[in-house]
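J.: Below is one structure. I have some questions about it.
The values are calculated or read from the model by the stated rules, or taken from the named source; none is laboratory data. Because the structure is a prediction, the values reported are computed rather than measured. Counting neighbours? That spans all protein chains shown, and the Cβs are built from the backbone with ideal geometry, glycine included. What goes into the accessible areas is simple: the full protein's heavy atoms, side chains included, and nothing from ligands, DNA or RNA. Shrake-Rupley method; radii C 1.70, N 1.55, O 1.52, S 1.80 Å.
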Amino acid sequence: MALALQTFATVKDANAALKAQGTRYLGGGTLVVRAANEGDVSVSGLVRSTDPALSAIAVAGGKARIGASVTMAAIARHPGLAILAKAARAVGGPAIRNMATVGGNLFAPAPYGDFAVALLALDATVGTEDGETPIGTFLAGRDRSRAIVTSVSFTLPKTDGFRFLKVSRVKPKGVSVLSIAAVVEQAADGTVSSARIALGCMADRPLRAKAAEKALLGRTLDPDGIAAALTAATEGIAPITDPIASAWYRAEVLPVHLGRLLLS
Amino acid sequence: MAKVPVQFTLNGSEKAEFIDSGTTLLNALRDKVGDTSPKGGCHQGTCGACSVIIDGELRLSCLTLAETCNGTAITTTSGLAEGGVLQPLQRAFLDTFATQCGFCTPGMIMAAKVLLDHTPNPSRDEVVEALSGNICRCTGYEPIIQAVLTAARANSQNAA
Ligand SMILES: Cc1cc2nc3c(=O)[nH]c(=O)nc-3n(C[C@H](O)[C@H](O)[C@H](O)COP(=O)(O)OP(=O)(O)OC[C@H]3O[C@@H](n4cnc5c(N)ncnc54)[C@H](O)[C@@H]3O)c2cc1C
Ligand code: FES
Ligand code: FES
């Protein structure tokens with residue numbers, strides 16, 4: 001295995017080195033080193049940056065900024081990010097969480113990317129040296145993206161406004177059958193005033209359930225109120241088939257789990 | 001290909017080696033340093049047999065590049081026994097028959113050690129969670145869970 005690693009102090013220098021053919025950025029390595037171990041020869045060089053800003057978490061004024069090299073374990077134990085602890089703990093086992101980074105999760109193909117599902121529901125922006133991109137746009141173009149992700153930023157939701165669910169067959173740690181994250185806000189009368197729902201495993205990357213979001217507006221969070229949203233949830237999905245579950249199964253159980261999450 | 005230097009502390013002693021860039025820590029430890037206690041089960045991050053402790057955190061050495069460990073302190077299962085005397089955790093694995101073929105054992109012990117270092121009196125659920133990244137094909141897990149709980153009791157009795 002010839003996998004030369006280049007380490008740079010600054011993101012700028014690392015970005016320049018990434019322009020070379022066959023190079024890839026090294027985050028925690030849980031996907032990229034795994035691919036190399038498996039015999040993937042498309043990557044011949046790895047590049048990383050040790051810039052401390054990449055490992056910083058800043059929570060202030062209701063907003064959070066998480067550096068791309070921050071691990072799932074660091075998020076799970078950060079007091080200012082308690083709301084996201086469940087989503088961070090949904091990724092892998094303890095050792096994987098000590099290695100898996102936020103930046104890498106944005107690129108993880110389904111069934112992985114559970115944390116990116118949470119970030120999509122939070123309407124995060126993804127930072128690179130060129131500026132900030134809305135996460136939906138970023139995910140859609142991630143196969144062509146070459147620039148190093150430096151951070152993700154988002155407005156912290158109210159404690160009861162954020163919901164997350166990962167369904168897996170093996171407990172406590174298992175690969176996703178599906179994951180769902182939702183940020184639902186309710187008006188004083190209990191009706192839904194805004195909703196963002198993100199789905200994992202319903203395509204090759206995290207997907208917004210826009211039809212379901214629309215069907216929730218003005219409704220209450222009870223079985224009748226959410227019925228239309230549950231029917232709409234499967235609109236536009238193309239679930240993956242893998243050893244964990246078939247596309248058919250994933251589509252069948254999505255409304256069931258979305259219903260449980262919305263009524264919880 | 002040019003060799004790169006790596007330097008770290010392994011179980012308290014300084015190690016320095018020249019390795020090929022891109023070598024995993026697992027291969028560096030086993031083939032270069034000669035510590036064969038971390039096992040290569042899957043090289044995919046799935047089995048946990050290669051688990052080691054780097055600066056107090058559980059890591060998978062099969063997915064870690066050795067070069068990224070410069071200046072760190074690494075603990076492996078081979079570093080636990082002192083003067084041929086097993087640590088209570090290791091003793092408990094023997095006493096509760098938590099080791100059969102033994103291939104998963106060094107990784108299990110690393111995962112259990114990190115747990116007990118932070119949580120000396122874990123609940124059963126905490127033990128299951130801590131071992132959830134480690135696969136055992138022999139024991140059915142129950143003896144391993146019992147071993148960790150037994151070691152925790154032994155530790156807290158010693159401390160009392
Ligand atoms: C056993 C096992 C279990 C797992 N379980 C889960 C799970 O339950 N849920 C889940 O979501 N994932 C899971 N994963 C997948 C993976 O661990 C996570 O998705 C993780 O967050 C990937 O991050 P990483 O830093 O390790 O990525 P890497 O392997 O370092 O990188 C992955 C890809 O992203 C690119 N990349 C990484 N960081 C950046 C950056 N800052 N800028 C630009 N490109 C970047 C890399 O070039 C590479 O192409 C699992 C993996 C394994 C091996
Ligand atoms: S060899 Fe590293 S997890 Fe299996
Ligand atoms: S004792 Fe054989 S794999 Fe665990």
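J.: When you scan region B:92-107, how many residues do you find that are assigned to a helix (DSSP H, G or I) and touching a residue at least 60 places away in the same chain (Cβ under 8 Å)?
T.: Within region B:92-107, residues that are assigned to a helix (DSSP H, G or I) and touching a residue at least 60 places away in the same chain (Cβ under 8 Å) number 3.
J.: Mind listing just one residue for me: the one in region B:1-40 that is facing another protein chain (nearest Cβ under 10 Å) and of a type in the set (S, T, Y) and, of those, surrounded by the most Cβ atoms within 10 Å (Cβ to Cβ)?
T.: In this case the residue turns out to be B:T24.
J.: Report whether or not B:L116 is away from ligand 1 (no atom under 16 Å from the Cβ) and under 30 Å from B:S13 (Cβ atoms).
T.: It is true that B:L116 is away from ligand 1 (no atom under 16 Å from the Cβ) and under 30 Å from B:S13 (Cβ atoms).
J.: Right, another one. Provide a single number: the residues in region A:184-219 that are open to solvent by 10 Å² or more (accessible area, probe 1.4 Å) and either assigned to a strand (DSSP E or B) or not assigned by TED's automatic domain parsing to the domain that holds A:A229 (or both).
T.: Selection size over region A:184-219: 9.
J.: Being within 14 Å of ligand 2 (Cβ to nearest atom) and within 14 Å of another protein chain (Cβ to nearest Cβ) is the filter; apply it to region B:84-110 and report the residue that is surrounded by the fewest Cβ atoms within 10 Å (Cβ to Cβ). If you could, list the steps in order and put the result at the bottom.
T.: Of all residues in region B:84-110, those within 14 Å of ligand 2 (Cβ to nearest atom) come to B:103-108, B:110.
Those left that are additionally within 14 Å of another protein chain (Cβ to nearest Cβ): B:104, B:106-108, B:110.
Values: B:C104: 27, B:P106: 25, B:G107: 30, B:M108: 29, B:M110: 28.
My answer is B:P106.
J.: Can you name the residue in region A:90-141 that is within 16 Å of ligand 2 (Cβ to nearest atom), touching a helix residue (DSSP H, G or I) at 6+ places or on another chain (Cβ under 6 Å) and among the aliphatic types (A, V, I, L, M) and, of all such residues, is farthest from the other protein chains (Cβ to nearest Cβ)?
T.: Per the stated criteria, the residue is A:V91.
J.: Next question, about the same structure. So B:A73 passes all but one of these: (1) facing chain A (nearest Cβ under 10 Å); (2) under 16 Å from the mean Cα position of the chain (by Cα); (3) more than 13 Å from ligand 2 (Cβ to nearest atom). Which condition number does it fail?
T.: (1)
J.: Does region B:117-133 contain any residue that is in contact with an Asp or Glu (Cβ under 7 Å, 6 or more places away or on another chain) and away from ligand 2 (no atom under 16 Å from the Cβ)?
T.: At the first step, the residues of region B:117-133 found to be in contact with an Asp or Glu (Cβ under 7 Å, 6 or more places away or on another chain) are B:119.
Right, trim to away from ligand 2 (no atom under 16 Å from the Cβ) and you get B:119.
Yes, region B:117-133 contains a residue that is in contact with an Asp or Glu (Cβ under 7 Å, 6 or more places away or on another chain) and away from ligand 2 (no atom under 16 Å from the Cβ).
J.: Read through the list (1) open to solvent by less than 20 Å² (accessible area, probe 1.4 Å); (2) more than 14 Å from chain A (Cβ to nearest Cβ); (3) within 14 Å of ligand 3 (Cβ to nearest atom), then give the number of the only condition that B:A49 fails.
T.: (2)
J.: Only one of A:A64, A:A73, A:A36 is away from every other protein chain (no Cβ under 11 Å) and either within 22 Å of A:G113 (Cβ to Cβ) or in contact (Cβ under 8 Å) with a residue 40 or more places away in the chain (or both); which?
T.: A:A64
J.: Which residues, counting only those in region A:39-60, are facing another protein chain (nearest Cβ under 8 Å) and either open to solvent by 20 Å² or more (accessible area, probe 1.4 Å) or assigned to a loop (DSSP other than H, G, I, E, B) (or both)?
T.: Initial filter on region A:39-60 (facing another protein chain (nearest Cβ under 8 Å)): A:46, A:48.
The one that is facing another protein chain (nearest Cβ under 8 Å) and either open to solvent by 20 Å² or more (accessible area, probe 1.4 Å) or assigned to a loop (DSSP other than H, G, I, E, B) (or both): A:R48.
J.: Among the residues of region A:139-151, is there at least one that is assigned to a strand (DSSP E or B) and either buried (at least 16 other Cβ atoms within 10 Å of the Cβ) or within 18 Å of the chain's Cα centre (by Cα) (or both)?
T.: Within region A:139-151, one or more residues are assigned to a strand (DSSP E or B) and either buried (at least 16 other Cβ atoms within 10 Å of the Cβ) or within 18 Å of the chain's Cα centre (by Cα) (or both).
J.: For B:S132, work out the one condition from (1) of a type in the set (S, T, N, Q); (2) within 12 Å of chain A (Cβ to nearest Cβ); (3) exposed (fewer than 13 other Cβ atoms within 10 Å of the Cβ) it doesn't fulfil.
T.: (3)
J.: Within region A:13-24, count every residue that is within 13 Å of chain B (Cβ to nearest Cβ) and open to solvent by 50 Å² or more (accessible area, probe 1.4 Å).
T.: 1
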